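Working notes for the structure below.
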Amino acid sequence: MACDAEGVLTLFNRATQEFHGLPPEPLPADRWAEHYDLYRADGATRLTREEVPLFRALRGERVQGVEIVIAPGRGPARTLLASGQAFQDDQGRTLGAVMSMHDITARKQAEAALRAAHEDLERRVAGRTAELARANEALRGADRRKDEFLATLAHELRNPLAPIRNAARLLAGSPGVVAEAGGEVEMIGRQTAHLARLVDDLMDVARINESKIELRRDVVELASIVGHAVEAVRPAAQARGHQLVVRPPDGPIRLEADPTRLEQVLGNLLTNAIKYTEAGGRITLEVGRDGDEAVILVRDTGIGIPPEKLPEVFELFAQVDHRSARAEGGLGIGLGLARSLVEMHGGSIAARSDGPGAGSEFEVRLPALPVARADRAGPRRDQGRVGGPSLPRRRILVVDDNADAAQSLAKLLSRLYGQEVRVAHDGPEALAILGAFRPEVVLLDIGMPGMDGHEVARAIRARPRGGEVVIAALTGWGQEGDRRRSREAGIDHHLVKPVDPDLLERFLAEIRTRPSTPSNQATS
Ligand code: ADP
């Protein structure tokens, strides 16, 4: 379209005329508004006269691709791209302007639809993401509560287990009872040891999930770990009439490892081999070296594992449905725990089986120390089991508010291990006994009503010569934070209930009670 210097539209094509709804004759600028309204690109803000592209062109501006919205009297609003410029006569006087309008409504509508779809998609994605985050958070919460529950459950189970275990050991050491009911006493001992292992596993699963397990590494001789693990399961193997064959390595194999944890791993593998083999089977434990690695093989002649289940057996709570052997199943955590512990040691674990009825084989590989370095490190301090009679007789004070736990432990210590023992059932009683009895060792429960174990330990340490007594916490709580709190209260050792009576004996053989010098300070 074209206009004269006053903005009177003098020339327009048919399309413009129809589109704008213009009359055929020239249309003065002040009468445009009767036919259409002009807006900015937002479609809502009216253009001022100065902003109208045609007047901008008349003012000498070169207008190029300015987006405007036009709303004609009839028909829907449309978006246009306006370009144009003024033209002059020879003297440079402006005669008028030409404008071209390009209808981009369809493109704008497509763009808007695309943008709306995009925004809608983003909104929906954000909605789903938030939903997923909420579900995830709920799951994490449930998982956390499950771990807390497992830890609490294990702790609560430990309390009643401790006195039962002590009593079983006590009965096993009493010739009269053994003559009368030796089999039953052995059975109680075996089953409580099994229960204690299950409870430990439960506790560990909760702690592994929270990454709370720490290895206490030492230079250890693999043969001694294997020996302990085999001895622990021998009664169970005998009870099922299994033959237990141990093939030791040719030479010594030393590792930098947590002996208790490795015993636990082997114990789990051996217990499974015993459980999943029909009575009268053969279980072989073979230990060897393969280059830098120690290799431990646990093989059985048992019910085997179907090939498709092999990859799953190390998953937590995974159990192969053995049907007839169902009654033998456990909690489904033993192998998961074994794998975590082996991997924490930088090793690997694998399962093999030729299928149902063909027996199973588990292979553990662990990094071994080169022979020379291990030799320089010297033998382990706590090797070998110390026999009862060699325990020095000491004065031991047992402090525990659980009367069964306190009494059974006291009896165990005095009757089997020949110790001189007194019992206190709470903190004040312990402190009252302390002066006259002058114990060399205090075995101290931590969770007691009123004055707890930490307070008792602090009170003992605050007394004259209170630094001389060896204090060992005897508690259901075995996490690193619990050990730290014990140390901070001046406690020398932290034993977790239910303490294996043999371990307690070893502990008593190894601790050094202090020489009676008043200046002696607590160490750990
Ligand atoms: P569970 O407490 O059920 O024994 P584990 O984690 O120790 O849990 O073992 C997981 C599953 O692997 C077991 O339920 C069993 O089905 C299978 N399994 C483990 N060891 C053996 C084995 N020596 N022979 C056959 N199946 C085994």
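The values are calculated or read from the model by the stated rules, or taken from the named source; none is laboratory data. It should be emphasised that the depicted structure is a prediction, and the values quoted were computed from it without experimental measurement. Note: ideal-geometry Cβ built from the backbone for every residue, glycine included; neighbour counts use all protein chains shown. Remember, those area values only see protein heavy atoms, side chains included, never the ligands or the DNA or RNA. Shrake-Rupley method; radii C 1.70, N 1.55, O 1.52, S 1.80 Å.
Of the residues making up segment 61-77, those that are open to solvent by 50 Å² or more (accessible area, probe 1.4 Å) and either modelled with pLDDT of 90 or more or on the phi > 0 side of the Ramachandran plot (or both) number 5. Look at (1) more than 18 Å from LEU202 (Cα to Cα); (2) near the ligand (Cβ under 8 Å from one of its atoms); (3) surrounded by fewer than 20 Cβ atoms within 10 Å (Cβ to Cβ) and you find that ASP290 fails only one, number (2).
Looking only at segment 98-157, how many residues end up being polar (S, T, N, Q) and open to solvent by less than 60 Å² (accessible area, probe 1.4 Å)? Reasoning before the result, please.
Step one: filter segment 98-157 for residues polar (S, T, N, Q), giving 100, 105, 109, 129, 136, 152.
If we keep only those that are open to solvent by less than 60 Å² (accessible area, probe 1.4 Å) as well, we get 105.
Residues flagged as polar (S, T, N, Q) and open to solvent by less than 60 Å² (accessible area, probe 1.4 Å) within segment 98-157 amount to 1.
Being at pLDDT 85 or above, in contact with a His (Cβ under 6 Å, 6 or more places away or on another chain) and within 30 Å of SER211 (Cα to Cα) is a property that LEU335 lacks. Of all the criteria given as (1) at pLDDT 90 or above; (2) closer than 25 Å to SER224 by Cβ, the one not satisfied by GLU278 is (2).
Looking across segment 234-249, the residues that are in contact (Cβ under 8 Å) with a residue 40 or more places away in the chain and open to solvent by 80 Å² or more (accessible area, probe 1.4 Å) come down to GLN243, ARG247. Of all the criteria given as (1) closer than 30 Å to ARG483 by Cβ; (2) in contact with a Gly (Cβ under 7 Å, 6 or more places away or on another chain); (3) within 12 Å of the ligand (Cβ to nearest atom), the one not satisfied by VAL233 is (3).
Scoring SER486 on the criteria (1) farther than 30 Å from THR192 by Cβ; (2) modelled with pLDDT of 90 or more leaves a single failure, condition (1).
Would you confirm whether any residue within segment 199-214 is in a helix (DSSP H, G or I) and over 19 Å from MET344 (Cβ atoms)?
Residues of segment 199-214 in a helix (DSSP H, G or I): 199-209.
Now drop any that are not over 19 Å from MET344 (Cβ atoms), which leaves 199.
Within segment 199-214, one or more residues are in a helix (DSSP H, G or I) and over 19 Å from MET344 (Cβ atoms).
Applying the condition of being within 24 Å of HIS194 (Cα to Cα) and in contact with a strand residue (DSSP E or B) (Cβ under 7 Å, 6 or more places away or on another chain) to segment 277-287 and asking which residue is farthest from the ligand (Cβ to nearest atom) yields GLU286.
In the set LEU269, LEU255, LEU222, only one residue is within 18 Å of LEU366 (Cβ to Cβ), in contact with a Phe, Trp or Tyr (Cβ under 7 Å, 6 or more places away or on another chain) and open to solvent by less than 20 Å² (accessible area, probe 1.4 Å); that residue is LEU269.
The residues of segment 330-371 include none that are near the ligand (Cβ under 7 Å from one of its atoms) and of a type in the set (Lys, Arg).
Within segment 124-172, the set of residues being among the hydroxyl-bearing types (Ser, Thr, Tyr) and touching a Phe, Trp or Tyr at 6+ places or on another chain (Cβ under 7 Å) is empty. Checking each residue in segment 6-23 for being within 14 Å of MET99 (Cα to Cα) and in a loop (DSSP other than H, G, I, E, B) picks out GLY7, VAL8, PHE12, ASN13. Only a single item in (1) of a type in the set (S, T, N, Q); (2) closer than 12 Å to VAL399 by Cβ; (3) open to solvent by 30 Å² or more (accessible area, probe 1.4 Å) is not met by THR475, and it is number (3). Determine whether LEU80 is touching a strand residue (DSSP E or B) at 6+ places or on another chain (Cβ under 8 Å), free of Cβ contacts under 8 Å to residues at least 60 places away in the same chain and buried (at least 18 other Cβ atoms within 10 Å of the Cβ). The answer is yes for LEU80. Tallying residues that are assigned to a loop (DSSP other than H, G, I, E, B) and either at negative phi or without any contact (Cβ under 8 Å) to a residue 12 or more places away in the chain (or both) within segment 330-361 yields 8.
Quick check on this structure: which one of ASP300, ASP321 is modelled with pLDDT of 95 or more, more than 26 Å from ARG207 (Cα to Cα) and within 8 Å of the ligand (Cβ to nearest atom)?
Working: ASP321 fails: modelled with pLDDT of 95 or more.
Matching residue, one of ASP300, ASP321: ASP300.
Contact map, segment 151-179: first residue closer than 15 Å to ALA410 by Cα, second residue part of a helix (DSSP H, G or I) and of a type in the set (S, T, N, Q), Cβ cut-off under 7 Å, separation 6 or more or different chains; pairs are PRO163/SER408; ILE164/THR192; ARG165/THR192; ASN166/SER408; ALA167/SER408; ALA168/THR192; LEU170/SER408. A single entry from GLU308, GLU315 fulfils the requirement of being within 12 Å of the ligand (Cβ to nearest atom) and either at pLDDT 90 or above or not in a strand (DSSP E or B) (or both): GLU315. If only residues of segment 35-60 that are in a strand (DSSP E or B) and modelled with pLDDT of 90 or more are counted, the one that is nearest to ALA15 (Cα to Cα) is LEU38. Screening THR284, THR277 for residues that are assigned to a loop (DSSP other than H, G, I, E, B) and among the β-branched types (Val, Ile, Thr) leaves exactly one candidate, THR277. Of all residues in segment 33-59, exactly one satisfies the criterion of being hydrophobic (A, V, I, L, M, F, W, C), within 18 Å of GLN17 (Cα to Cα) and loosely packed, with under 14 Cβ neighbours inside 10 Å, namely ALA33.
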